[in-house]
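Engineer: Sharing a structure with you now.
The values are calculated or read from the model by the stated rules, or taken from the named source; none is laboratory data. Everything numeric here is computed off the predicted structure, so don't read it as measured data. Calculation scope for accessible area: heavy atoms of the full protein, side chains included, ligands and nucleic acids excluded. Shrake-Rupley method; radii C 1.70, N 1.55, O 1.52, S 1.80 Å.
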Amino acid sequence: MKRYQDYAILLLRIAMAIGFLSAVLSRLGLLGKQSSGWENFLAYAEQVNSFLPKSFIPSIAIISTFLETLFAVLLLIGYQTRKTAIGASILTFLFALAMSYSLGIKDPLDYSVFVFSMGAFLLATADKYRWSLDEYLLRIK
């Protein structure tokens with residue numbers, strides 16, 4: 001049974017990393033016709049963060065894009081996995097709360113934002129992270 005948990009943790013790390021990367025690549029226009037583009041992302045960020053002054057939106061967009069990129073890379077390589085998973089959980093939970101406030105509860109439920117956030121939280125509770133840089137660094141100590 002433990003072996004299946006190791007695979008599940010690895011797959012969760014990869015799935016979360018891909019989810020973050022997909023969003024970032026789309027807003028940066030790197031997914032071709034499937035891309036949303038930066039301007040559309042800014043408009044969406046303004047809509048989701050309707051409770052903030054409009055002048056905050058570019059900063060929020062840049063910070064969230066940076067964090068999503070960082071979390072994706074760290075999850076893929078498995079470095080500082082517990083801390084990264086906690087950060088990803090907090091970021092996506094804040095996103096879910098902002099969506100709920102500005103757009104209503106249906107959107108974050110439809111897009112599984114709460115599930116993504118709690119998946120990240122679950123990842124943070126793992127005892128170990130096989131097939132990760134964390135594991136490799138523990139072995140060489």
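Engineer: If DNA, RNA and ligands are ignored and the probe is 1.4 Å, what is the ranking of TYR136, TYR111 by accessible area, most exposed first?
Structural biologist: Correct descending sequence by accessible area is TYR111, TYR136.
Engineer: Relative to 2.2 N^0.38 Å, what does the C-alpha radius of gyration of segment 1-116 come to as a ratio? Two decimals please.
Structural biologist: Dividing the Cα Rg of segment 1-116 by 2.2 N^0.38 Å gives 1.12.
Engineer: Enter the per residue convex hull volume of segment 99-141, computed from alpha-carbon coordinates, in Å³ rounded to the nearest integer.
Structural biologist: 91 Å³
Engineer: If you don't mind, there's one more thing I want to ask. Calculate how steeply helix 57-77 sits against the longest principal axis of the alpha-carbon atoms of the chain, using the helix alpha-carbon long axis, and give the answer as 0 to 90 degrees to the nearest 10.
Structural biologist: For 57-77 against the chain, the angle is about 20 degrees.
Engineer: Still on this model: So how much accessible area does MET16 have, in Å² to the nearest 10, using a 1.4 Å probe?
Structural biologist: For MET16, solvent-accessible area is about 10 Å².
Engineer: Post the alpha-carbon centroid distance, segment 10-68 to segment 98-115, in whole angstrom.
Structural biologist: 15 Å
Engineer: Right, another one. Short version: ³J(HN,Hα) in whole Hz for each residue of segment 128-141, in order, from phi by Karplus 6.51 cos²θ - 1.76 cosθ + 1.60 (θ = phi - 60°), x for Gly and Pro, what are they?
Structural biologist: Once rounded to whole Hz, the list reads 8, 10, 5, 6, 9, 5, 4, 5, 4, 5, 5, 5, 8, 6.
Engineer: While we're on this one: Per residue, how much accessible area does the chain show when a 1.4 Å probe rolls over the protein heavy atoms, in square angstrom? Please list the in-between numbers first.
Structural biologist: Details: 8690 Å² over 141 residues.
Heavy-atom SASA per residue in the chain reads 62 Å².
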